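All remarks here apply to the structure that follows.
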Amino acid sequence: MRLLVVVPCRDEASLVGRRIANLALCAWPASREPHRVVVVDDGSRDGTGAAAAVAIAEHFAARSDVEARVVANEVRPGKPGAVRAGLAQGAAESDLVVLTDADVVLEPHALVELARAFERDPRLALACGAQRFVADLAADGTCRARDGGEPRDAGGTFDRWTAVVRRLESRAGILFSVHGQLAAWRADLDLAPTIGVAADDVDLRFQVKARDHEPRRVELVPAARFLEVKTPAGPGREAQAARRARAWFQVVRRGPIPARGVLETIQAWAYRAGPRAAPMATWCAVPAMSAILFLLGARSLALASLASGVALALTPLGRSWIRLVRTIAAASRAERREPVPERWETPRA
């Protein structure tokens, strides 16, 4: 398979060199024609384009199996426009389009594993890699920590839960939350992020599921792993979570979620209704249950239910859940007032 790897960037001068070095260290699938890497500079103000050009000259200038270049996003500011600008650089001549962010690092065989997944299953339309959160990464593009040792896991309970859900959905071919940090699709499907939609990965998934014939399968490829540094707890992580939640509400409010069959229909209903209902359910479930038990005369059980709810809310897991539902509720209100923009400003240390 011939790959077109698109790396959209905005103000990533501190990381784009690592991203390019990492791609140079990766194994690439066999191809009669050279693969292509396109770094798309989305109007950066910190010299991202120049830094990318230097890194490409260092790591790819002497290679014949991969062509790499930097282009400017002249389609529309924002990630969807940047991805479309990258697609214009060779999607029509490629077998597989790979979309990857500037701040992640791929394990050495991730690209090969993605290509193998598509070769094995002609029904596979869209796939993503498996995410691993780490505390820090080396600057040389390897999968090592900053001190040269093994990266330290930094994923939390919520990350582990969502990883389990993704794997279960993937086995049924109905993966919903695609990792946009490393996603791939068949080039001949002519997929492209919708202009005006911030959640480009969910949007691409909806486009696949809206097709009336195969390939329509969406999967996670466990062997195609990528590493991502976990944003430290604080305002930065909270802002990131709020934007992701707003982008989610933006895309699901655009219309019905494409679904065919019983499993996809149930899944679509759960993902549409679940986030909306989570805040109300969180605040009302325990008091409502306690009130019902009290009215039925089970006063001891009512008090026990209320005490259990309070105790759970004071645990680390309970506090994390409360923060999450507060973020969801605030994001829903904010998205009603004004759509979240496509351009994502990500501060880097």
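Do the sum for the chain: with -39,500 (n - 2.57) for every DSSP H run of n ≥ 4, divided by all residues, what is the mean residue ellipticity at 222 nm, to the nearest 500 deg cm²/dmol?
My calculation for the chain gives -15000 deg cm²/dmol from helical runs alone.
Can you give the Kirkwood hydrodynamic radius for segment 81-218, in Å, rounded to one decimal and based on Cα pairs? Write out the running numbers ahead of the final one.
Details: mean 1/r = 0.0618 Å⁻¹.
Answer for segment 81-218: a Kirkwood hydrodynamic radius of 16.2 Å.
Once you have the Cα-Cα distance between Glu338 and Leu314, take 0.36 nm times their residue separation minus that, and quote the gain in nm to one decimal.
Details: separation 24, 0.36 × 24 = 8.64 nm, distance 3.38 nm.
Full extension from Glu338 to Leu314 adds 5.3 nm.
Taking the Cα atoms only, what angle lies between the long axis of helix 316-337 and the longest principal axis of the chain, rounded to 10 degrees?
Compared with the principal axis, the helix lies near 70 degrees.
With θ set to phi - 60° and the Karplus curve 6.51 cos²θ - 1.76 cosθ + 1.60, what are the ³J(HN,Hα) couplings of segment 251-263 in order, to the nearest whole Hz, using x for Gly and Pro?
Using θ = phi - 60°, the values come out as 6, 6, 8, 6, x, x, 7, x, 7, 9, x, 5, 4 Hz.
Mind jotting down the three principal axis lengths of segment 233-349 based on Cα atoms? Whole angstrom, largest first.
On the principal axes, segment 233-349 reaches 55, 44, 26 Å in Cα extent.
Pop out the ³J(HN,Hα) list for segment 216-227 in order, Karplus 6.51 cos²θ - 1.76 cosθ + 1.60 with θ = phi - 60°, rounded to Hz; leave Gly and Pro as x.
Ordered by residue, 3J(HN,Hα) equals 9, 6, 10, 9, 9, 9, x, 6, 9, 9, 9, 10 Hz.
Given 20 °C and 1.002 mPa s, compute D for the chain with the Stokes-Einstein relation, Rh being the Kirkwood radius over Cα pairs; round to the nearest whole µm²/s. Don't skip to the end; give the middle numbers.
On the way: Rh = 21.6 Å.
This corresponds to a translational diffusion coefficient of 99 µm²/s.
Which far-off residues, 5 or more places away or on another chain, put their amide H under 5 Å from the one on Val134, with H placed in the peptide plane?
Ala154, Glu228, Val229, Lys230
Given an 8 Å cut-off on Cα distances and at least 6 residues of separation, report the relative contact order of segment 202-311 as a percent. Before the final figure, lay out each step's value.
Values: 41 pairs, mean separation 21.0, N = 110.
Relative contact order comes out at 19 percent.
Kindly identify segment 176-226 as rounded, prolate or oblate by the Cα gyration tensor criterion: order the square roots of the eigenvalues as a ≥ b ≥ c, call it rounded if a/c is under 1.5, otherwise compare a/b with b/c, prolate if a/b is larger, else oblate.
On the way: a/c = 1.79, a/b = 1.15, b/c = 1.56.
The shape class here is oblate.
What angle, in degrees between 0 and 90 and rounded to the nearest 10, separates the Cα long axis of helix 16-25 from the longest principal axis of the Cα atoms of the chain?
Tilt relative to the chain: about 70 degrees.
In whole angstrom, note down how far apart the Cα centers of segment 309-323 and segment 170-187 are.
Cα centroid to Cα centroid, the span is 32 Å.
Apply the Karplus parameterisation 6.51 cos²θ - 1.76 cosθ + 1.60, with θ equal to phi minus 60°, to every residue of segment 113-126 and state each ³J(HN,Hα) to the nearest whole Hz, in sequence, with x for glycine and proline.
Values, residue by residue: 5, 4, 4, 4, 4, 6, 5, 6, 10, x, 7, 6, 9, 9 Hz.
No lab work stands behind these numbers, since they all come straight from the coordinates. The structure displayed is predicted, hence computed values, not measured ones.
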